[in-house]
1. For a quick check of your reading of the model, give me the residue pairs whose first member lies in the stretch 8-36 and is closer than 22 Å to residue 182 by Cβ, whose second is part of a loop (DSSP other than H, G, I, E, B) and modelled with pLDDT of 85 or more, with beta-carbon atoms closer than 7 Å and at least 6 apart or on different chains.
2. Give the residue that is modelled with the highest pLDDT, with candidates limited to residues of the stretch 110-129 that are assigned to a helix (DSSP H, G or I) and among the β-branched types (Val, Ile, Thr).
3. From (1) under 25 Å from residue 194 (Cβ atoms); (2) not in a strand (DSSP E or B), pick out the condition that doesn't hold for residue 89.
4. I'd like the residue in the stretch 140-173 that is free of Cβ contacts under 8 Å to residues at least 40 places away in the same chain and part of a strand (DSSP E or B) and, out of all such residues, is farthest from residue 192 (Cα to Cα).
5. Given the conditions (1) among the acidic types (Asp, Glu); (2) in contact (Cβ under 8 Å) with a residue 40 or more places away in the chain; (3) surrounded by fewer than 15 Cβ atoms within 10 Å (Cβ to Cβ); (4) closer than 21 Å to residue 154 by Cβ, report the number of the one that residue 124 does not fulfil.
Amino acid sequence: MNISADKVRDLREKTGAGILDCKKALQESGGNMDKAIEFLRKAGLAAAKKKTGRIASEGVVSSYIHANGKIGVLVEINCETDFVARTDDFQRFVKDVGMQIAASNPFYVSEENIPPEVLEKEREINREKAQKSGKPATVLDKIVEGQLKKYYEEVCLLDQPFVKDPNKKIRDLTHELISKLGENISIRRFARYQLGEGLEKRSQNFAQEVAAITKS
């Protein structure tokens, strides 16, 4: 199929993929732009998965401050070379991840980081709920696994929908960056701080405090 240079250029601008890759994607998808984008995305994710086993010991430790200084995040994100760590794409990714942590408050990077006792307790709770619902025993396991998947999306950073684009998860965003930069990218660890977290809140306002002092 003959693919015009204009279509190749449009696909390249939308995806950042190479010219030959864009041409192949359009040929494979019959010239359909949406299908070509999906083709490139799947190819990129497949290539990204091959890179995830490579050692990534460079990168950055970065801070992100949100809500007028009331939420702060420290995050370590690794890559394979210092060159990639300095690229705009990598730095933008780091900032987006910091914002995600600030906004969505995950507890772990991935489900592999959940302590076994915590995961087992969550499994037990969901099994009890499923049993009380009156569902047949044959579907209880599927119900529990479905609930655990939702739990992962709440507490695991990589499984959370991206706050800027809920159609993508942070895992997808990571794989897309791996595909684009050609290096393994790994979110290693993070810490989130919220002003006043864990402290007892003052229940009285200033007027009440004055009145209390006057009475005494």
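The values are calculated or read from the model by the stated rules, or taken from the named source; none is laboratory data. It should be emphasised that the depicted structure is a prediction, and the values quoted were computed from it without experimental measurement. When we count neighbours, we look across all protein chains shown, and the Cβ atoms used for this are built from the backbone with ideal geometry, even at glycine.
1. Going by the 7 Å Cβ cut-off, the qualifying pairs are 23/3; 36/29.
2. Within the stretch 110-129, the first condition is being assigned to a helix (DSSP H, G or I), and the residues that meet it are 111-113, 116-129.
If we keep only those that are among the β-branched types (Val, Ile, Thr) as well, we get 118, 125.
Details: 118: 94, 125: 90.
The selected residue is 118.
3. Answer for residue 89: the failing condition is (1).
4. Looking at the filtered set, the residue picked out is 167.
5. Unmet condition: (2).
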